[in-house]
Amino acid sequence: MRLAFQAEGLVKRYGETTALAGIDLAAEQGTVLGVLGPNGAGKTTAVRILATLLRPDGGRARVGGLDVVKDAAKVRRLIGLTGQYASVDEDLTGLENLVLIGELLDLRRPQAKLRAKQLLADFDLTDAAGRQVKTYSGGMRRRLDLAASLVGRPDVIYLDEPTTGLDPAKRDDVWTIIRSLVADGVTVLLTTQYLEEADALADDITVIDHGKVIAHGTPGELKRIVGGQTILVRPLDPDRLPDVARVLEAVAGRESESPSRGVLTVPVDGDAAFTEVVRRLADERITVTELSLRLPSLDDAFFTLTGRHTEQEAAA
């Protein structure tokens, strides 16, 4: 197993406030590590240490085998970073921003211009390449900031809430780019408020709260922390809901619930219950438009672990 980056026992204090209280983070090469936690949990502090922007007060971190403190300049050659807020120059055009970054990374101007044009195309910004960034919408600035982090073709990319402010279609575009990067062997550390984003992209997830790691595992493993599964049934004829309830409660041995109009759910202990529900619905000649066996959502797991929903979920 080759680790692209590894942090061990990271501690960071700001006066009497402990932002990180000895966390461990690690990701294998060519994978996505999702880092989740409530606001103020320490996610961004950990990213800034791994990106050589902060010195830890304790513990150590390595990227590509290099110490982020002792070998900071070399580490910066290996990484890309997109923070929570756009960091491009508003008085330059989109193209000029990316060309400048390329030249700072020792690309010759023709190479820097070619790379910039490739990234502008990837992020659907070609038509705006010649406009000053101050004229861009918030979503366009966000996409340009993402593009800027990729100019140097980094081995490791830190994406700190990268799709905040993007509409669903543009978010999907970013997901596609992230998957493409990972397929090429790039390693990604992703913090996000969108749990479906972590579910869709992350190979492993670390949950941080109050500066400590409180859980680590695959998305599926974290969902199982909540326990059990849920059967959901939506009958074609709403008048058959009482019959569906009777079937579900007979199989599950507990009361069903109606989370939304025309739908019934019931928690079950295993896959066998689903097969029995299907059989009984067929025996009762109950036609359904929706029938599923679901694991708890990642948000359910997050709430169980932290006692809070994400900012995104709380605002919904």
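The values are calculated or read from the model by the stated rules, or taken from the named source; none is laboratory data. Since the model is a prediction, treat every value here as computed from it, not as a measurement. Note that we place each Cβ from the backbone using ideal geometry, even for glycine, and neighbour counts take in every protein chain shown. Just so you know, the surface numbers come from the protein's heavy atoms only, side chains and all, with ligands and any DNA or RNA stripped out. Shrake-Rupley method; radii C 1.70, N 1.55, O 1.52, S 1.80 Å.
Translational diffusion of region 152-292, estimated by Stokes-Einstein from the Kirkwood radius over alpha carbon pairs at 4 °C in a medium of 1.567 mPa s, is 71 µm² per second.
A Cβ-based charge dipole, computed about the Cα centre of region 241-286 with Lys and Arg at +1 and Asp and Glu at -1, lands at about 160 debye. Region 67-119 and region 128-159 have Cα centres spaced 10 Å apart. Out of every Cα-Cα pair in region 6-139, what percent are more than 23 Å apart? When every Cα pair of region 6-139 is considered, 47 percent fall beyond 23 Å. Altogether, the Stokes-Einstein calculation at 20 °C and 1.002 mPa s, with the Kirkwood radius of the chain over Cα pairs as Rh, returns a diffusion coefficient of 98 µm²/s. Applied to region 274-288, the Karplus parametrisation 6.51 cos²θ - 1.76 cosθ + 1.60 on θ = phi - 60° returns per-residue 3J(HN,Hα) values of 5, 4, 5, 5, 4, 5, 5, 4, 5, 4, 7, 6, 9, 7, 10 Hz, with x for Gly and Pro. Label region 236-288 by shape, choosing from rounded, prolate and oblate, from the square roots a ≥ b ≥ c of the eigenvalues of the Cα gyration tensor; if a/c is under 1.5 it is rounded, and otherwise prolate applies when a/b is larger than b/c, oblate when it is not. Oblate is the answer for region 236-288, as a/c is 1.5 or above yet b/c matches or exceeds a/b. Of the residues H216, H210, the one with the largest accessible area comes first in the ranking H210, H216, computed with a 1.4 Å probe on protein heavy atoms. Of all DSSP beta bridges in the chain, what percent run antiparallel (nearest 5)? Of the beta bridges lying entirely in the chain, close to 65 percent run antiparallel. Rg over Rh for region 180-259 works out to 1.17, both radii taken from alpha-carbon positions and Rh defined as the Kirkwood radius. Entry note, region 183-316: relative contact order of 30 percent, from Cα contacts under 8 Å with a spacing of 6+ residues.
Computed across region 71-189, the Kirkwood radius stands at 14.3 Å (inverse of mean 1/r, all Cα pairs). Residues whose amide H lies under 5 Å from that of A19, counting only those 5 or more places away or on a different chain, are K12, R13, Y14; hydrogens are built 1.01 Å from N in the peptide plane. In this structure, the residue pairs whose Cα-Cα separation is over 24 Å, taken from K12/K134; K113/K134; K12/K74; K134/K170; K43/K134, are K12/K134; K43/K134. Remark: region 1-64 is approximated by an ellipsoid whose semi-axes, taken from the C-alpha gyration tensor as √(5λ), come to 21, 13, 9 Å, largest first.
The phi torsions of region 290-303, fed into the Karplus equation with coefficients 6.51, -1.76 and 1.60 and a -60° offset, translate into couplings of 8, 8, 8, 10, 10, 6, x, 6, 5, 5, 4, 5, 4, 5 Hz, rounded to whole numbers, with Gly and Pro shown as x. Residues whose amide H falls under 5 Å from that of E28, counting only those 5 or more places apart or on a different chain, are A4, with hydrogens built in the peptide plane.
Of the peptides 91-101, 49-59, 269-279, the order by per-residue mean of other Cβ atoms within 10 Å, starting with the highest, comes out as 91-101, 49-59, 269-279. How high is the relative contact order of the chain? Use alpha-carbon pairs under 8 Å, at least six apart in sequence, and give a whole percent. Computed value for the chain: 19 percent relative contact order.
The residue list S149, A301, V99 was ranked by how far each Cα lies along the charge dipole of the chain toward its positive end, using unit charges on Cβ atoms, and V99 comes out on top. Along region 197-208 the Karplus relation, 6.51 cos²θ - 1.76 cosθ + 1.60 evaluated at θ = phi - 60°, assigns HN-Hα couplings of 5, 4, 4, 6, 10, 7, 7, 9, 10, 10, 9, 10 Hz to successive residues, with x for each Gly and Pro. What shape does region 159-198 have by the C-alpha gyration tensor, where a ≥ b ≥ c are the square roots of the eigenvalues, rounded means a/c under 1.5, and otherwise prolate means a/b greater than b/c and oblate the rest? Since a/c reaches 1.5 but b/c is at least a/b, the shape of region 159-198 is classed as oblate. Over the chain, dividing the summed -39,500 (n - 2.57) contributions of all DSSP H runs of at least 4 residues by the number of residues returns a 222 nm mean residue ellipticity of -11000 deg cm²/dmol.
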